[in-house]
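Single-structure report; data block below.
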Amino acid sequence: GENVEQHPSTLSVQEGDSAVIKCTYSDSASNYFPWYKQELGKRPQLIIDIRSNVGEKKDQRIAVTLNKTAKHFSLHITETQPEDSAVYFCAASKHNQGGKLIFGQGTELSVKP
Amino acid sequence: SAVISQKPSRDICQRGTSLTIQCQVDSQVTMMFWYRQQPGQSLTLIATANQGSEATYESGFVIDKFPISRPNLTFSTLTVSNMSPEDSSIYLCSARTDSNQPQHFGDGTRLSIL
């Protein structure tokens, strides 16, 4: 079945620096790739998503890139702030599998002021 | 986006007992899902709750242990049966209006089994 690998598991950056989290998926039929941010004790919240017909998507300080050939996608956060500190999860799904999401292992991002 | 409410938010249960978790969405959704998130871990899909038919379970999860109901397009329940300490986890409900819309999550139910 589908497998999603996420790296790194932890990431520490200085405030103002950029952070990059990478994910690799196994099923070439996957066509939807969301990213979620989960603060401690809270629900996962969607921050950005990308579909397979697009190579890059940006929303203010957050961007996601997708390389279908290599089957990997990345989250880029620029000008990081302490409130960006959280666990970030990537996920993948296929349209013909009822929309279920398969999640990566998560990355704990720490932004130091 | 859909607002998803779960209850209870947390519970402490005795081993051998069962607990039913409710998930209510404020609008009709085609897809509802149940996930488990163990402390410090990622989200693992338990099953897809299908309206009007039996749930579709993922590998490692069975109906006898995690019976699911979905009587309509806005509501679902997950029962954790014959609980053991290994079932201590956060259980999350999620929903998606249709396959072109994002999936959103409820706040989760934090379950501890003594």
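Taken together, the values in this text are just the output of simple stated rules run on the coordinates, not laboratory data. Note that the coordinates shown come from a computational prediction; the quantities given were computed from them, not determined experimentally. In this analysis, Cβ positions are derived from the backbone assuming ideal geometry, glycine residues included, and neighbour counts consider all displayed protein chains.
A few notes on this one:
- Set A:Lys22/A:Lys58; A:Lys57/A:Lys94; A:Lys71/A:Lys112 screened for pairs whose C-alpha atoms are more than 22 Å apart: A:Lys71/A:Lys112
- Global form of the stretch B:1-72, assessed from the alpha-carbon gyration tensor, a/c cut-off 1.5: rounded
- Between B:Thr56 and B:Ser69, the distance separating the two model label sites (each 7 Å from Cα on the Cα→Cβ line) works out to 2.3 nm.
- Calculated FRET efficiency for the pair B:Ser1/A:Ser28, C-beta based, R₀ 30 Å, to 0.05: 0.55
- Whether the stretch B:31-106 is rounded, prolate or oblate, judged on the alpha carbon gyration tensor where a/c under 1.5 counts as rounded: oblate
- Note on chain A: GNM, Cα springs under 10 Å; of A:Lys58, A:Lys42, A:Lys100, the largest mean-square fluctuation is that of A:Lys42.
- Local net charge near A:Gly104, Cβ-Cβ under 15 Å (Lys/Arg +1, Asp/Glu -1): -1
- GNM top mover of A:Glu83, A:Glu15, A:Glu39 - chain A, alpha-carbon springs below 10 Å: A:Glu83
- Cross-link partners of A:Lys42 among lysines, defined as those whose alpha carbon lies under 16 angstrom from its own and excluding same-chain residues fewer than eight positions apart: B:Lys7.
- Prolate/oblate/rounded call for the protein assembly as shown, Cα gyration tensor, a/c under 1.5 rounded: prolate
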